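To start, the structure under review is shown below, and the notes come after it.
The values are calculated or read from the model by the stated rules, or taken from the named source; none is laboratory data. Small disclaimer: the values here were computed from a predicted structure and weren't measured. Neighbour counts run over all protein chains shown; Cβ positions are idealised from the backbone, glycine included. Please note that ligands, DNA and RNA were not included when accessible areas were found on the heavy atoms of the full protein model with its side chains. Shrake-Rupley method; radii C 1.70, N 1.55, O 1.52, S 1.80 Å.
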Amino acid sequence: MDPVSLSLVAKAGSAAFSGISALSRAKAEREQAERNAFIGRTRAMQTDTTARQGLSSELANVRAVLSANGQRPGVSTFEITKDLRQTRNRERRISFGNEMNRVYDFEQSGRNAMSRGRAGFALGMLEAGPSLFDLYQYRST
């Protein structure tokens, strides 16, 4: 193999390997983002469950205090528990939504990584093809 064709092969191989490397890095980044999204979904469910348990505990405490004071169930006691329930449910939904926003961010970063990887792979494959100038030099030798 003459030096010109050897340099063409080396240049093409180098560009092809850089494209493959970009795609591999993107796949690894996407997999990490998927793992982070899974952890985030688990965390969101745990946040939701903990908030629900906390609400049940608070309502039990309120009922125990009202009972200890000798108050009978009525409109005022129901309003207290209703307000507490509404406030805690709103806080729970906000916390769950914030956790899920992080999940969506991880999923989007994985999609972005794959887009960058595919673009890098395509660019590497395009650069692997010899230029017309190189082909002309090869043909003229």
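Evaluate the following for PHE78: is it part of a helix (DSSP H, G or I), loosely packed, with under 15 Cβ neighbours inside 10 Å and of a type in the set (Phe, Trp, Tyr)?
Taking the combined requirement at face value, the residue satisfies it.
With the condition kept exactly as written, say whether any residue in the range 82-89 is hydroxyl-bearing (Ser, Thr, Tyr) and more than 22 Å from the chain's Cα centre (by Cα).
Yes, some residue in the range 82-89 is hydroxyl-bearing (Ser, Thr, Tyr) and more than 22 Å from the chain's Cα centre (by Cα).
Kindly evaluate ALA113 against the criterion of being free of Cβ contacts under 8 Å to residues at least 12 places away in the same chain, open to solvent by less than 90 Å² (accessible area, probe 1.4 Å) and under 30 Å from ALA128 (Cα atoms).
When the stated conditions are applied, ALA113 does not pass them.
Have a look at ARG43, ARG25 and point out the one that is open to solvent by 90 Å² or more (accessible area, probe 1.4 Å), at pLDDT below 95 and assigned to a helix (DSSP H, G or I).
The match here is ARG25.
Here is a list: ALA44, ALA33. Which entry is in contact (Cβ under 8 Å) with a residue 60 or more places away in the chain, small (Gly, Ala, Ser) and touching a Phe, Trp or Tyr at 6+ places or on another chain (Cβ under 6 Å)?
Result: ALA33 is the single residue among ALA44, ALA33 that is in contact (Cβ under 8 Å) with a residue 60 or more places away in the chain, small (Gly, Ala, Ser) and touching a Phe, Trp or Tyr at 6+ places or on another chain (Cβ under 6 Å).
For the range 46-75: of the residues being exposed (fewer than 10 other Cβ atoms within 10 Å of the Cβ) and not in a helix (DSSP H, G or I), which is nearest to the chain's Cα centre (by Cα)?
Of everything passing the filter in the range 46-75, GLY74 is nearest to the chain's Cα centre (by Cα).
Out of everything in the range 88-103 that is in contact (Cβ under 8 Å) with a residue 12 or more places away in the chain and among the hydrophobic types (A, V, I, L, M, F, W, C), what residue ends up being most open to solvent (accessible area, probe 1.4 Å)?
The selected residue is PHE96.
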